Amino acid sequence: MTETPLLQVRGLSKRYGAGCSLCEHPVSGDDAPVRCPACGSIWACRSLDFHVYPGEILGVVGESGSGKSTMVKCLYFDEAITGGEMRITAYKNGTSELFTESSQQKRYIRNHLMGMVYQNPLLGLRMNFSSSGNIAEKLFAAGHFHVGTIRERASSLLDRVEIPVSRMDEPPKQFSGGMQQRVQISKALANHPPLLLLDEVTTGLDLSVQAKVIDLIRDIQRELQVAMIVVSHDLGVIRMLADRTMVMRNGCIVEQGLTDQILEDPQHPYTQLLVHSLL
């Protein structure tokens, strides 16, 4: 593993609501209230610091409402941040702060340097487009317009995620939930991004389908050396996938470290509760 992180995030904060003098800045500590008693604003993420190395899988675990999904949506520019910085070495050698880039440059970063797989495939796929058309959309956005090349790339990607090439012109609405997630993964990989963001991709799937999706994610990481941030409320999924893990509660990171270390010797009481509930 290289010493220079691919992704560096500092002080990432996200508040829902206008805010007031009482909640102008996020209060540290996971026991601090997330809702402002005066104006009702909510801090979903509070001063998050973390990094991801090239080819590494970082697991993010926490209960519903802990802020983990909001965090990845901020990283993908789906949500506007309230504060913080993000840098990625694949863009201007990591010298540029990405949240302050123009909308045009943010689109470039989304289309070339990141891939996103949402928990709900409706957010990541156009259900009435063909599966190959969904991949083509990502390629078009990155400036690829040769139809033959696009179809060849789509065919290769769908085959890679075990979608029959004979069904590449069928819309995802005709597919099962597990197949829809695999189409999402193929779309996210379309432009060889160095970083994938995966938000609860196994939630709601049958156990056998979950296992196939997890195996696919591991194969992709091993063969393509793509760095990933894998968000889940299921510590079992994180155990199988993540090199390092960070635990979130009430919008804060309460503990982070090597996954084996987190699971075998959790330090924070909340992490201890999560680990014991898994056993």
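Values in this text are rule-based calculations from the coordinates and carry no lab data. From a predicted model like this one, the values you see are computed outputs, not experimental measurements. Here the Cβ is made from the backbone with ideal geometry for all residues, glycine too, and neighbour counts use every protein chain on show.
The residue list Val213, Val183, Val237, Val230 contains one member that is crowded, with 19+ Cβ neighbours inside 10 Å and outside any helix (DSSP H, G or I), which is Val230.
Applying the criterion of being touching a residue at least 40 places away in the same chain (Cβ under 8 Å) and not in a helix (DSSP H, G or I) to the residues of the stretch 88-102, the residue that is surrounded by the most Cβ atoms within 10 Å (Cβ to Cβ) is Ile88.
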